[in-house]
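Below is one structure; the comments refer to it alone.
What follows draws every value from the coordinates through simple rules; no lab data is involved. All figures in this text were calculated on a predicted structure; none of them were measured in a lab. As a convention, Cβ positions derive from the backbone with ideal geometry for all residues, glycine included, and neighbour counts pool all protein chains shown.
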Amino acid sequence: MSYSKLVFLALLIFGVNKFANAEDPLEKNKRKKDKRPNIVFILTDDQGYGDLGCFGSKTISTPNIDKLSDEGIKFTNFYVHNRCSPTRMAFMTGAYAHRTELPRVIYWFDRMGIHEDEITTAELLKEAGYKTGIIGKWHLGDWDEFHPNKNGFDHFYGFLEYGRAKTAIYRNKTLVENIKKKTHGQHSPKLVKEAVKFIKDNKEQPFFLYYASPLPHTPFLPSQKFKGTSNQGAYGDQVQDIDWQVGELMKALKENGIDDNTLVIYTSDNGPELGLPQTHGTSGILRDGKWSNFEGGIRVPCVARWPKQMPKGEVNNEIVGIIDMLPTFCALSGASVPTDRPIDGRNIVPYLQGKTSDASIHETIIVPGKVIRHNEWKYAFEEMEAGGPIQNLGDRKHAPRGTLFNLKDDPSETVDVSKEHPDKVKELDKMMREFLSEMRKNIKPIGKTAEFTDELLKAEWKYQRAPRDQKPYYKSVVDSLLQK
Ligand SMILES: [Ca+2]
């Protein structure tokens, strides 16, 4: 039976019941017969393309993640945005983050976040009868208006945001722990414990677990257990910590007898932070890293495992990305993809089943207004910048507007071939203009708190960046605006 028929049949038999009662034996029986897969989506933070054993690392050991690759599919062309919040927004909405006015990171003082009108991946899965959980880092708004519980997640445990020195762990809306000093790796066992419990509690029914580790982001602070275990400094130690976490999650799936029909996807939210004085992440063969729209910033390692339907040990070189998760998870759960708004992602279930046809599901991936990849061609609609604001660029260079790379011949983006292919330049430039024209017509607002004003936002930025002795002054400006 074809997959779509299976989904249709499952819907016909089991329906979508929002009022499922855990005590009702009929409902319980239905859930036991529910054959839809569980989904575990693991997202790491600032991990480079070259920093997994299965992606060629010789200095970091990742046996558990490599096993996912051996038992499933390795995706070599998986795209995200080049920084945290936009990628997480794209994951939740199935669309490029620029469509929601979010090309940048949300900081805790921003008073903005995901808009209440967004239809999130979690909401769609919840509506389809999945139990939904997020464990780890949210980063789509630090204020109550944008809370994961208001965006389709039945369960939340972790950090609303992880960018500031002081942070906190919440379970749903309850404060569990105030964290005075960043100690990244120390939180891993707590996150794992919560995830293992979530898996156990929901083994009788389909669930969606979004496991968003705050590792291996700067500052590199591995837990004592992993300190010095890799050959790539404290950064590598953190990746080995992540690998341990993946192993624990896989163990829990096996122990609960559900690993066969659970789709596990592992990837990173953006490329590695480069140019640091200490040993850091690597993009492997790709150029540049985080903050940049060179491949090292927007292409990340990705592996997926789903024994029930997926072939073992395959490599998929097609263009795919974080935007594809919403339509793909809709197809798996029987939910309908929203039709009242542009969705840039595509359903890649055929790839997950090992089917690759002559026609690619995706031919194009875009960073709106910046770069466009179409098949093997990559075009700089604007100057492609190397690195980011806090990085030492060393000998890393920008690429001027109009640069064209052929990623098939030149995966490391070293030779501009725009002069040899003027027609291709014209074609891609036109594609981007047409995309932007459509996007501007359909732009969706970012969510804002009641207090949000441009004036307040500017004042908070100044306060955050002010030297210590000037902080009281800028704080008084913020306070006076808040009292208005
Ligand atoms: Ca990140």
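Please give the Cα centre distance for the range 82-155 versus the range 430-472, rounded to the nearest Å.
So the separation of the two Cα centres works out to 17 Å.
Using the structure shown, select from LYS35/LYS200; LYS150/LYS193; LYS397/LYS424; LYS173/LYS251 the pairs with a Cα to Cα distance greater than 27 angstrom.
Distance filter (> 27 Å) returns LYS173/LYS251.
For the range 208-260 and the range 321-356, write down the distance between their C-alpha centroids in whole Å.
The two parts, judged by their Cα centres, are 27 Å apart.
At 222 nm, what helix-only mean residue ellipticity would the chain give, in deg cm²/dmol to the nearest 500, using -39500 (n - 2.57) for each DSSP H run of four or more?
-9000 deg cm²/dmol
At q = 0.07, 0.12 Å⁻¹, what log₁₀ I(q)/I(0) does a Debye calculation on the Cα points of the chain give, no solvent, two decimals?
So the normalised log intensities work out to -0.36, -1.11.
List the lysines whose alpha-carbon lies under 24 Å from that of LYS430, not counting same-chain residues fewer than 8 positions away?
LYS370, LYS378, LYS408, LYS419, LYS441, LYS444
What net charge do the residues around GLY354 carry, taking every other residue with its C-beta under 14 Å from that of GLY354, with Lys and Arg at +1 and Asp and Glu at -1? Please report the intermediate quantities before stating the final value.
Numbers: positive: LYS74, ARG305, LYS308, LYS312, LYS355; negative: GLU71, GLU314, GLU318.
Neighbour charge sum, excluding GLY354 itself: +2.
How large is the dipole of the chain about the Cα centre if only Lys and Arg carry +1 and Asp and Glu carry -1, each at its Cβ, rounded to the nearest 20 debye?
That gives the chain a dipole magnitude of about 960 debye.
So if R0 is 35 Å, what FRET efficiency would LEU482 and HIS398 give, r being the distance between their Cβ atoms, rounded to the nearest 0.05?
Taking R0 as 35 Å, the efficiency between LEU482 and HIS398 is 0.30.
Quick check: pseudo-label points 7 Å beyond the Cα along Cα→Cβ at LYS254 and LYS419, how many nm apart are they?
According to this spin-label approximation, the distance is 5.7 nm.
Just add up the charged neighbours of LEU404: K/R +1, D/E -1, any other residue whose Cβ is under 15 Å from the Cβ of LEU404.
On the way: positive: ARG287, LYS370, ARG373, LYS378, ARG401, LYS408, LYS419, LYS424, LYS426, LYS430; negative: GLU295, GLU376, GLU382, GLU383, ASP409, ASP410, GLU413, ASP416, GLU420, ASP423, GLU427, ASP429.
Result for the local shell: -2.
Provide the three semi-axes, in whole Å and in decreasing order, of the ellipsoid equivalent to the range 243-378 as defined by the square roots of 5 times the Cα gyration tensor eigenvalues.
27, 23, 14
Suppose the Debye formula is applied to equal point scatterers at every Cα of the range 366-441; what is log10 I(q)/I(0) at q = 0.15, 0.20, 0.24, 0.27 Å⁻¹?
-0.53, -0.86, -1.11, -1.27
Where the Cα atoms of the range 112-262 are projected onto their three principal axes, how long is each span, largest first, in whole Å?
Cα spread of the range 112-262 along its principal axes, largest to smallest: 45, 40, 23 Å.
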